[in-house]
Amino acid sequence: MILKVLGTVSPYCYQDKNCPGYLITTDDSKILLDCGNGITRNLVIPEDLQNLTIIISHLHRDHYGDLFSIAYASYVYHNLRFLQERIKVYIPELSIEDNIYDYNLITNLGMENYLDIKTYTKDTIININNTQINFSSNPHSIPSYSVKITNNNLSIVYSGDTGYIGNTIENFAAGTNLLICESTFLKGQIRRKDYHLYAHEAAMIASTAKVGTLLLTHFWPDIEKEEYLKEALPNFQKTLVAKENMLLKIK
Ligand SMILES: [Zn+2]
Ligand SMILES: [Zn+2]
């Protein structure tokens with residue numbers, strides 16, 4: 001599996017940094033995890049849209065803003081006959097009162113733009129040839145999911161957005177080759193509610209789960225990424241920080 005990092009910051013794009021997005025290519029599938037603002041700058045279009053499956057971890061706009069760019073690119077390139085297959089987009093199932101505005105916005109994008117919009121829950125399993133996708137529910141301000149991609153005994157887990165208390169990523173990511181984990185806060189920053197992780201908490205999760213590599217992401221746009229690395233390393237040595245256009249081969 002090959003991971004291409006498309007975006008790493010929140011809540012807005014900054015200089016050459018985009019909001020979250022990770023393109024994973026296996027021998028038989030192509031999966032885009034989240035679709036944050038600006039990520040289309042780092043996609044190769046239309047090639048990357050061919051046979052693409054998009055998973056949106058939750059309906060906060062830093063995680064789906066560029067779905068609008070992809071929808072319009074899909075509309076144009078399908079009409080030009082460069083694309084044949086509709087792009088599959090999976091979003092969390094609507095729970096009562098949550099995100100109805102965002103949910104309707106996305107589902108209304110579907111038809112005209114050649115997107116096939118489907119919903120998932122924590123129990124959904126998606127199979128694409130020999131690649132399997134599973135979900136685990138996170139504590140966050142709205143329904144939010146971790147996503148696991150498994151192919152030929154290799155796996156990648158992406159945390160999405162998550163709080164620390166009550167998250168189940170340690171179990172969900174146990175033994176995974178790569179954990180892409182949010183690390184929104186640094187020690188000294190005040191977390192008013194437990195909706196996101198500190199960098200050292202991401203490292204503690206990686207250590208307990210005994211993952212192969214921890215890739216930190218979901219940074220503040222104007223904070224140096226090395227700060228997050230410094231905080232995480234004492235808890236987990238095999239830590240990297242995600243950078244736009246970084247490529248990681250999982251084998
Ligand atoms: Zn969020
Ligand atoms: Zn976020």
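Miscellaneous remarks
- Accessible surface of the chain, 1.4 Å probe, proportion on carbon and sulfur as whole %: 50 percent
- Length released on extending from Arg61 to Ile2, taking residue separation times 0.36 nm less the Cα-Cα span: 18.7 nm
- Taking a ≥ b ≥ c as the square roots of the eigenvalues of the alpha-carbon gyration tensor, segment 44-85 is classed prolate because a/c is 1.5 or more and a/b outweighs b/c.
- Using a simple spin-label model with pseudo-atoms 7 Å out from Cα toward Cβ, Tyr14 and Val44 lie 3.1 nm apart.
- Values of log10 I(q)/I(0) for the chain across q = 0.09, 0.15, 0.17 Å⁻¹ run -0.35, -1.01, -1.33, by the Debye formula with one identical scatterer at each alpha carbon and no solvent.
- For the set Arg61, Arg191, Arg81, the ranking by accessible area, highest first and with no ligand, DNA or RNA atoms included, is Arg81, Arg61, Arg191 under a 1.4 Å probe.
- Couplings 3J(HN,Hα) for segment 52-60, derived from phi with the Karplus relation 6.51 cos²θ - 1.76 cosθ + 1.60 (θ = phi - 60°), are 8, 10, 10, 10, 9, 5, 6, 9, 7 Hz, where x marks Gly and Pro.
- Length available on full extension from Thr25 to Leu154: 0.36 nm per residue minus the Cα-Cα distance, which gives 45.2 nm.
- Pairwise centroid distance, computed over Cα atoms, of segment 11-82 with segment 180-251, Å: 23 Å
- The residues of segment 1-95 expose on average 38 square angstrom of accessible surface per residue, using a 1.4 Å probe on protein heavy atoms.
- Using R0 = 25 Å, the C-beta based FRET efficiency linking Leu94 and Asp194 works out to 0.55.
- Computed from phi, the 3J(HN,Hα) profile of segment 109-123 under the Karplus parametrisation 6.51, -1.76, 1.60 (θ = phi - 60°) reads 6, x, 3, 5, 9, 6, 9, 9, 8, 10, 10, 9, 10, 5, 8 Hz, with x in place of Gly and Pro.
- 12 Å beta-carbon shell around Asn171, net charge (K/R +1, D/E -1): +1
- Computed with every protein chain present, the accessible area of Cys13 is close to 50 Å² [probe 1.4 Å].
- Accessible surface ranking for Val76, Val241, 1.4 angstrom probe, highest first: Val76, Val241.
The values are calculated or read from the model by the stated rules, or taken from the named source; none is laboratory data. What you are looking at is a predicted structure, and each value in this text was computed from that prediction instead of being measured. In this analysis, Cβ positions are derived from the backbone assuming ideal geometry, glycine residues included, and neighbour counts consider all displayed protein chains. When the accessible area is computed, the model is the full protein with side chains, heavy atoms only, and any ligands, DNA or RNA have been set aside. Shrake-Rupley method; radii C 1.70, N 1.55, O 1.52, S 1.80 Å.
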